[in-house]
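Please treat every number below as a calculation from the coordinates, not as lab data. Model, not experiment: these values are computed from the prediction. Every residue, glycine among them, receives a Cβ derived from its backbone with ideal geometry; neighbour counts consider all protein chains shown.
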Amino acid sequence: MVGLAGSGSVVGLDVGGTLLKAVAVGPEGGVTARVRQPTAAGDGAGALMERVVALLVGMRDELLARGEVLRAVGLAVPGVIDEEAGVVRFAANLGWRDVEVTSFVARRLGVPVYLGHDVRSGALAEGVLGAARGVDDFLFLPIGTGIAAALVLGGQVRAGPRGSAGELGHLVVEPGGPPCRCGARGCLETLASASALARRYQEQVPGSTLEAPAVAVLAAQRDTVALAVWSSAVGSLGQVLAGVQSLVDLDLVVVGGGLANAERLLADLEGAIAARLPWQVAPRLTTAALGDEAGSLGAALLARAGGGAVRLGSAAALS
């Protein structure tokens, strides 16, 4: 796989709230192994740390059995993280707070371990290996249970001085709107995420248990209630993305997550953005190419680069 070639093998692990998703990448850049296990975060923070270590030890031993040496590990983790210090400050879905994850795992494995934010790692992978390859200025926008984003400018993923860049899901779009888990009301996440789409449809149709993909299908079929809910969600997304475009003038928005493949999403979203940009050039929209492996592949890129900044499109920086 172009961009992942280098010395020795590396492992990238995406520590998600539901699944641990790992890939092993060999010296030629190809994925040589994939492992998926339930996260089982409810078992406690310590148990999850041990589960992470056990998964990685198993992959290291499998590589050794094939005559391959594990050189480094990259971890992609959600929440508030200090990438430079290798510390997870707070990850609500994992039950981690001030966890020195890289030093803990490195001691147990005996190899360097590097930490990255899950969405920024996904953006890195899409920029080097996926839908944004060759693009220097883009936004990676996963839309699922929540809404997150990672901003890439000048070929570099931007974390911001406090590591909180890209929190588009918590921009207030509708003051006084639905309460958000962040403590605010009317955040984009409460209006346009997959969970919001399902909730708003179920509020309009008492007794319904339809989830977002089914609501999207009904909207495409011109069901009146589903179409109204859908149009409202897409309008909120368009409002925020038009604001981002006015500020930073992106080439591309890469849409990922559970709603990325919904019929009409890209076309309707393009229309919603264009309607709010009277003279600016709207960004192109495309669907993410790497699916739910973007985070683990991005973590492998971090491991290959030794935790340093990776300029997108620069395969030489990873060799």
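Just add up the charged neighbours of TRP230: K/R +1, D/E -1, any other residue whose Cβ is under 10 Å from the Cβ of TRP230. Result for the local shell: 0. Mind checking which of VAL229, GLY134, GLY166 is farthest towards the positive end of the chain's charge dipole, using Cβ charges of +1 (Lys, Arg) and -1 (Asp, Glu) about the Cα centre? Going by the charge dipole, the pick is GLY166. FRET efficiency for the pair ARG199 and ARG36, taken as 1/(1 + (r/R0)^6) with r the Cβ-Cβ distance and R0 = 30 Å, rounds to 0.60. Projecting the Cα positions of ALA85, SER208, PRO179 onto the charge dipole of the chain (unit charges on Cβ atoms of Lys, Arg, Asp and Glu, taken about the Cα centre) puts ALA85 furthest along the positive direction.
May I ask for the net charge around GLY122, where only other residues with Cβ less than 10 Å from the Cβ of GLY122 are counted and Lys, Arg are +1 while Asp, Glu are -1? The answer is -4. Computed over the chain, relative contact order equals 22 percent, with contacts defined as Cα pairs under 8 Å that lie 6+ residues apart. Between GLY44, GLY257, GLY127, the Gaussian network model of the chain with springs among Cα atoms under 10 angstrom shows the greatest mean-square fluctuation at GLY44. Shape of the range 136-288 from the C-alpha gyration tensor: prolate (a/c of 1.5 or more and a/b above b/c, with a ≥ b ≥ c the square roots of its eigenvalues). For the range 74-222, the relative contact order works out to 13 percent when only alpha carbon pairs closer than 8 Å and six or more residues apart are counted. Charge dipole (Cα centre; +1 on Lys/Arg Cβ, -1 on Asp/Glu Cβ; no other charges) of the range 126-273 amounts to roughly 360 debye. What is the range 171-251 by shape, rounded, prolate or oblate, if you read a ≥ b ≥ c off the alpha carbon gyration tensor as root eigenvalues and call it rounded for a/c under 1.5, prolate for a/b larger than b/c, and oblate otherwise? Note, shape of the range 171-251 comes out oblate. Electrostatic bookkeeping for ASP43 treats Lys and Arg as +1 and Asp and Glu as -1; over the other residues with beta carbon under 10 Å from its beta carbon, the sum is 0.
Given +1 at the Cβ of Lys and Arg, -1 at the Cβ of Asp and Glu and no other charges, the dipole of the chain around its Cα centre is 260 debye to the nearest 20. Using C-alpha pairs under 8 Å with a sequence gap of at least 6, the mean separation divided by the residue count of the range 136-288 gives a relative contact order of 23 percent.
Against the compact-protein benchmark of 2.2 N^0.38 Å, the Cα-based radius of gyration of the chain scales to 1.01.
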